[in-house]
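S.K.: Would you mind keeping the following structure in view while I ask a few things?
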Amino acid sequence: MRSALERCRPIVEHPTLRTLARNRAAVAGAVVVAGLAVLAAVGPVLSPYDPTAQDLANRLRSPSLAHPLGTDQLGRDVATRLAAGARISLGIALLVTGIRFALGVSVGLVAGYVGGWVDEVLMRVVDVLLAFPGIVLALVVAGVAGPSLRNLVLALAAVGWTTYARVVRSSVLEVRERAFVKASRLTGAPRRRVIRRHVLPTVAGPVVVLATLDLGGVILATAGLSFLGLGAQPPAPEWGTMLATGRHHLRDATWLVNAPGLAIVCAVLGANLLGDGVRDALDPEGEIERKSGVK
């Protein structure tokens, strides 16, 4: 037990983590995100209700001990659906961010390290995609592919990787001219080894910060597209879908929109606070904003 604690001590005492721990806003954001993750993991399991089973005899019941957040127009427990929706919303956010991360880092590494015509072609593709508003392009992709969670993930992943590519390319262009990278190439090290041992560790920090900041935007975009009917379809308990079905009862059952709306606000706010804290800890000079063109 003691040896395990000793092994973890360098991680806990890392300067970045200590800086992050001193940022109250970042800690608050981490607590909110962790709370939602716990809700998604154990909420549906502990609840005695089925998030999709209808109970018309108990429709539109106001909040009570039996139903802390009330029931919807089909008698389903809103609290249970909210917890189940956390699994969908947070799961999609992590999946989309992971796809964006992998695709953007790959394109940025190739463009920045290889250079030449490869760099020109890849960056012109990035410029074309950046010329369109991301949410509009996602609407087009989701509308053409059809409403479903799979198509929603593809639509959001297809339009968000360009910023990652720009940040990584800019970092690689700077790193590849440093002395230790040139020395590694002069010794005859394979290109893959140079990228893996010298380039990737240097550009990892900015990309991790960008991914953290991206989580909130993905959660909001997921809810927005689902609200418009292009994402999760009923009876799936996704937060945007819950808002869409509950908007017809704004006068007689406000809890139907208050609960998912507040969950979206908390998730986006928590992710943004955490992302800002990570950025301040890893990128105090604001290099990410300069490289990505974000103000």
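S.K.: Helix 162-175 sits at what angle to the longest principal axis of the chain, using alpha carbons and giving 0 to 90 degrees rounded to 10?
M.R.: Once rounded, the angle reads 20 degrees.
S.K.: Take L250, project a point 7 Å from its Cα along the Cβ direction, then tell me which residues of segment 66-103 have their backbone nitrogen under 18 Å from it.
M.R.: The answer is 73.
S.K.: Treat each spin label as a single point 7 Å out from the Cα along the C-beta direction, and report the S64 to A34 distance in nm.
M.R.: 3.6
S.K.: If you don't mind, another one. Considering only protein heavy atoms and a probe of 1.4 Å, how much of the accessible area of the chain is carbon and sulfur, as a whole percent?
M.R.: After summing per-atom areas, the C and S share lands at 65 percent.
S.K.: So what is the diffusion coefficient of the chain in µm² per second by Stokes-Einstein at 37 °C and 0.692 mPa s, using a Kirkwood Rh over Cα pairs?
M.R.: This corresponds to a translational diffusion coefficient of 155 µm²/s.
S.K.: Also: At 1.4 Å probe size, with every protein chain present, just tell me what the per residue accessible area of the chain comes to in Å².
M.R.: Values: 15530 Å² over 295 residues.
Per-residue value: 53 Å².
S.K.: Then there's this: With Rg and the Kirkwood Rh both taken from Cα atoms, where does Rg over Rh land for segment 123-232?
M.R.: Values: Rg = 18.1 Å, Rh = 16.0 Å.
That ratio is 1.13, to two decimals.
The values are calculated or read from the model by the stated rules, or taken from the named source; none is laboratory data. As the structure is a computational prediction, the values presented were derived from the model and not from experiment. Heads up, the Cβs are rebuilt from the backbone with ideal geometry, glycines too, and the neighbour counts pull from every protein chain shown. Quick note on the areas: whole protein, heavy atoms, side chains included, nothing else; ligands and nucleic acids left out. Shrake-Rupley method; radii C 1.70, N 1.55, O 1.52, S 1.80 Å.
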